[in-house]
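Engineer: Before anything else, here's the structure in question.
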Amino acid sequence: VMGKTEKSFFYGFGFSVPLEDFAMSSSFGKRLDPFTKKVTFHGGIDLAAAIGTPVYASQDGTIQFANIQGGYGNLIVVKHIMGYE
């Protein structure tokens, strides 16, 4: 039996949108990896926005990383409940 929190994530309501004006530059699922040029599984979504756009946490959590990270560019990792980052 799932609790209220688990159900919200299961049905896709666990997170809010972290940006007001953005473009999704890569979606969840199989995609052509930009580095290896092979079809791989992408376990998240990538969002692009203009410089200076405010970014909000999509759920309560703790910042684990906020800096430039290799091929990711500017990266913010927030640790949320249930192991989500």
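Engineer: Condition check: exposed (fewer than 10 other Cβ atoms within 10 Å of the Cβ), part of a loop (DSSP other than H, G, I, E, B) and of a type outside the set (Gly, Ala, Ser). Does Pro18 satisfy that?
Structural biologist: no
Engineer: Having 1 or more residues that are in contact with a Ser or Thr (Cβ under 9 Å, 6 or more places away or on another chain), closer than 21 Å to Asp21 by Cα and free of Cβ contacts under 8 Å to residues at least 40 places away in the same chain is the bar; report the strands (runs of 3 or more DSSP E) wholly within the range 40-85 that clear it.
Structural biologist: Numbers: elements: 46-48, 62-69, 73-79.
Fully inside the range 40-85 and qualifying: 46-48, 73-79.
Engineer: Quick check on my filter: what residues within the range 36-53 are within 15 Å of the chain's Cα centre (by Cα) and at pLDDT below 90? I'd like the intermediate steps shown before the answer.
Structural biologist: The first filter runs over the range 36-53 and keeps only residues within 15 Å of the chain's Cα centre (by Cα), leaving 41-49.
Residues satisfying the conditions are His42, Gly43, Gly44, Ile45, Asp46, Leu47, Ala48, Ala49.
Engineer: While we're looking at this one, here's another question. Go through (1) out of contact with any helix residue (DSSP H, G or I) (no Cβ under 7 Å at 6 or more places or on another chain); (2) loosely packed, with under 10 Cβ neighbours inside 10 Å one by one and return the number of the condition Phe35 breaks.
Structural biologist: (1)
The values are calculated or read from the model by the stated rules, or taken from the named source; none is laboratory data. Not measured: the values here are computed from a predicted model. No Cβ is skipped: glycine too gets one built from the backbone with ideal geometry, and neighbour counts run over all protein chains shown.
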